[in-house]
Amino acid sequence: MDLTETGDEEAFRSEAREWLAAHVPASPLASFDTADGFEQHRAWEATLYEGRWSAVSWPAEYGGRGANYIKWLIFEEEYYRAGAPGRVNQNGVFLLGPTIMEVGTDEQKARFLPRMASGKDIWCQGWSEPNAGSDLASIRSRAVLADDGNSWVINGQKTWCSRGAFADWLFGMFRTDPGAERHRGLTFILVPLDTPGVTVRPIAQLDGETGFAEVFFEDAVVSAENTLGEVNQGWRVAMATAGFERGVSLRSPARFVQTAERLVGLFARSDGRLRDEVTAAWMDAEGYRLHTYMTVSRLLDGGTIGAEASLNKIFWSEMDVRMHETALQLLGDQALLVPGAPDAVDDARWLDGYLFSLSGPIYAGTNEIQRNVIADRVLNLPRGT
Amino acid sequence: MHFAFTEDQLLFQGAVRDLLAKEFPAGELRAVWSGGPRSSGPWAHLAEMGVPGLVVPSDHGGLGLDEVDLVLLLEETGRVALAEPVVETAAVAARILPDVAAGETMVAIGLDPAGPCGPYVAFADIADVLVLQAGDELHAVPSGDVALVAQPCVDGVRRIFSVSWTPSALTRLEVPPGAAAAAFDRGAWGTAAQLLGVADRMIEMTADYAREREQFGKPIGSFQAVKHLLADALLKLDFARPVVYRAAWSVARVADAGDIELRARDVSMAKAYASEAAVRAARVALQVHGAIGYTWEHDLHLWMKRAWVLAGAWGDARWHRERVAGWLLGPPPAPAVS
């Protein structure tokens, strides 16, 4: 155990800090859930890519720095400290990218990864369907291999596709063997959203912006070269992604450390109420940071992350809600003012954050499902029937 | 930056776990609880392995290791609800009375009675030496020179006492300034480590029970209401662990005044998290066990009560959270004068 940074790590931190200080936009970009904001964020991804900061943990050949998980956490800390823009291509860089590296062909790696890292292709997820939410294995959208074997013909509907309104590509699971047991018979396919027969309908979220979309497929023809992993092995491929998503990459601790620090700032400007809650927020963010450093150290030692990733997901998502609830209580009469209101504090950033935090216990597997996973696979309790 | 234990540290943990499972099974704990004689086995074997003097420099007869090496072992002593003052001896006294701690001596600790530790001294009946605070001074008092009044409490094994004694030049220890504060932090941290083991054992016991006990024709562990109680208990424990391990690092590496401040902060986080995790685990364990867990006959209460007393010892979660608040936010506002 050594909880001090190595010289190499310190140098990496300094390099990131200096680059970010020189490049982070002086004023915040528009929300990436608006058409203008989306393109602003795409341009920012390109800027990151030019500095080789868009995917620091990727190998250099795809535009990364080959940084290990510790350095990735260090970069994230500097990123949030610098107040840099949100990552519009999070789904691609942190979820799909690692999966392509794990199971993709060389051709797929060369074709998708650099365009992903540079923001040329922005990705959305296609997991949920109207009747497949927590019960993800009940996916019904069909993909049928055309007679020549070179393309899929897709029919069905995906929904709650985050960033779907403006994204270029969708990745998701489609049923390819209706006769198989439900977890089998699914295939992971990459779909260009400009394919004829694909219709994207944006869905307004709680904040009124179109953060997600539903996507309809009517005889949409997609090249069989876009199959990721083996046919009918999509569940296994997706679980690799989902484990990584819940486990480490989805919400780096730096985000919550920053929220806790902002909360301490808000407390300092208020009347001394909620001392215990503000302290709890800081302690939880610090606890999550320590927990993450322990997880990635285990990974670096050759360990794996499995069902215990569900513990992480519950912890950060519920912490995020609590921190924002505390902030809104401190703001009192100004708490529920929306952006643009004359008295809104910090342009209603806390309310925005609160609305977003409420999605945390739902997306990436509801926290109820996560608790089942912990009970079944970490505590080895009998499966429910 | 590498936040993991070495293979040697994990092997040592495994050895202590195996030893204690053999030397101090639940039946022994229950026997001591009922006033039966304490077997000298567990402590003698721990001493043989060098646990009490683990952090004592090797030229004083110890192993010359540090708190990061010790933390997993203390966790194991919590797992079996050990009946001896291992935190007091190995985590606290070893840095104050190195020559004593490197042997088989047991030490009890009584810090400022008006402070967060409160007025009672645990293990005063079985300790050979008591380290007691008087003002800014620490004294080492042989057990024959104190008068004890038992304060029977809910844990029948970790017995507590009011202690009467007289400080003298002969008992006074030559210790650096801040020794009492350091002793407090070490005791709170060591207790936090034990609480991890206590909580882990209760969760394990309860998951075992939920797999076996059937109602409505199936194991109760297959019901979501039960699954979620246990998952929440595990969540609290899993997030307490790194905080306690980091505190071990901070306790081991105090070089200057800034480090002392961070040690206090990190120890308080650890004690708050571990206390809350153990109390939660106890509550869930009792609920899932149902009526059988409410009986004297079932072993659960032996661990549950240990969780309660350790959660309250060396400052409870509330006290430690307030200490973190002081570091983070400054002193609390003065109460309004009416």
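The values are calculated or read from the model by the stated rules, or taken from the named source; none is laboratory data. Every value quoted in this text rests on a predicted model; they were computed, and no experiment measured them. Here the Cβ positions follow ideal geometry from the backbone for every residue, glycine too, while neighbour counts run over all protein chains shown. Keep in mind that these areas ignore ligands, DNA and RNA; they rest on the heavy atoms of the full protein, side chains included. Shrake-Rupley method; radii C 1.70, N 1.55, O 1.52, S 1.80 Å.
A few comments on the model shown:
Per-residue answers, yes or no, for (1) in contact (Cβ under 8 Å) with a residue 60 or more places away in the chain; (2) facing chain A (nearest Cβ under 9 Å):
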residue: B:Arg172; (1), (2): no, no
residue: B:Asp185; (1), (2): yes, no
residue: B:Asp200; (1), (2): yes, no
residue: B:Met205; (1), (2): yes, no
residue: B:Glu212; (1), (2): no, no
residue: B:His228; (1), (2): no, yes
residue: B:Tyr245; (1), (2): yes, yes
residue: B:Ala255; (1), (2): no, no
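- Residue among B:Ala207, B:Ala225, B:Ala231 that is at pLDDT 95 or above, buried (at least 24 other Cβ atoms within 10 Å of the Cβ), of a type in the set (A, V, I, L, M) and in a helix (DSSP H, G or I): B:Ala231
- All positions within region A:1-43 that are more than 14 Å from chain B (Cβ to nearest Cβ), open to solvent by less than 50 Å² (accessible area, probe 1.4 Å), part of a helix (DSSP H, G or I) and of a type in the set (D, E, K, R): A:Arg42
- Just one residue in the set B:Val80, B:Val92 is within 25 Å of B:Thr206 (Cβ to Cβ) and surrounded by 22 or more Cβ atoms within 10 Å (Cβ to Cβ); that residue is B:Val80.
- Of all residue pairs spaced 6 or more apart or on separate chains, those with beta-carbon atoms under 8 Å, a first member in region A:265-276 that is more than 9 Å from chain B (Cβ to nearest Cβ) and a second member that is open to solvent by 40 Å² or more (accessible area, probe 1.4 Å) and not aromatic (Phe, Trp, Tyr) are A:Arg273/A:Gln329; A:Leu274/A:Gln329.
- Considering A:Arg322, A:Arg349, the condition of being assigned to a helix (DSSP H, G or I), within 22 Å of B:Leu230 (Cα to Cα), more than 9 Å from chain B (Cβ to nearest Cβ) and open to solvent by 50 Å² or more (accessible area, probe 1.4 Å) is satisfied by A:Arg322 alone.
- Test: residue in region A:227-244 that is more than 22 Å from A:Val93 (Cα to Cα), within 9 Å of chain B (Cβ to nearest Cβ) and either in a loop (DSSP other than H, G, I, E, B) or over 24 Å from the mean Cα position of the chain (by Cα) (or both): no
- Matching residues in region A:127-179 - criterion: being farther than 15 Å from A:Glu214 by Cβ, in a loop (DSSP other than H, G, I, E, B) and open to solvent by less than 40 Å² (accessible area, probe 1.4 Å): A:Ala146, A:Gly149, A:Thr176
- Check on B:Ala278, of a type in the set (A, V, I, L, M, F, W, C), within 14 Å of chain A (Cβ to nearest Cβ) and either within 22 Å of B:Ile160 (Cβ to Cβ) or assigned to a loop (DSSP other than H, G, I, E, B) (or both): no
- Selection of region B:230-243 for residues being farther than 18 Å from A:Glu286 by Cα and in contact (Cβ under 8 Å) with a residue 12 or more places away in the chain yields B:Leu230, B:Asp232, B:Ala233, B:Leu234.
- Residue satisfying all of: in region A:44-69; charged (D, E, K, R) and in a loop (DSSP other than H, G, I, E, B); least open to solvent (accessible area, probe 1.4 Å) among these: A:Arg65
- Looking only at residues in region A:70-100 that are of a type in the set (Gly, Ala, Ser) and open to solvent by 10 Å² or more (accessible area, probe 1.4 Å), the one that is farthest from the chain's Cα centre (by Cα) is A:Ala82.
- Listed by first and then second residue, the pairs with beta-carbon distance under 7 Å, at least 6 apart or on different chains, first residue in region B:2-26 and more than 14 Å from chain A (Cβ to nearest Cβ) and outside any helix (DSSP H, G or I), second open to solvent by less than 60 Å² (accessible area, probe 1.4 Å) and among the hydrophobic types (A, V, I, L, M, F, W, C), are B:Phe24/B:Val80; B:Phe24/B:Leu82.
- The lone exception for A:Arg298 - which of (1) part of a loop (DSSP other than H, G, I, E, B); (2) free of Cβ contacts under 8 Å to residues at least 24 places away in the same chain; (3) within 13 Å of another protein chain (Cβ to nearest Cβ) it fails: (1)
- Filtering region B:27-43 to residues that are surrounded by 12 or more Cβ atoms within 10 Å (Cβ to Cβ) and either within 14 Å of chain A (Cβ to nearest Cβ) or part of a helix (DSSP H, G or I) (or both) leaves B:Glu28, B:Leu29, B:Arg30, B:Ala31, B:Val32, B:Trp33, B:Gly41, B:Pro42, B:Trp43.
- A:Asp376 satisfies every condition listed in (1) more than 10 Å from chain B (Cβ to nearest Cβ); (2) closer than 29 Å to A:Ser134 by Cβ except (1).
- Scanning region A:270-311 for residues that are open to solvent by less than 10 Å² (accessible area, probe 1.4 Å), under 19 Å from A:Ile374 (Cβ atoms) and in contact with a Leu (Cβ under 7 Å, 6 or more places away or on another chain) yields A:Thr292, A:Leu311.
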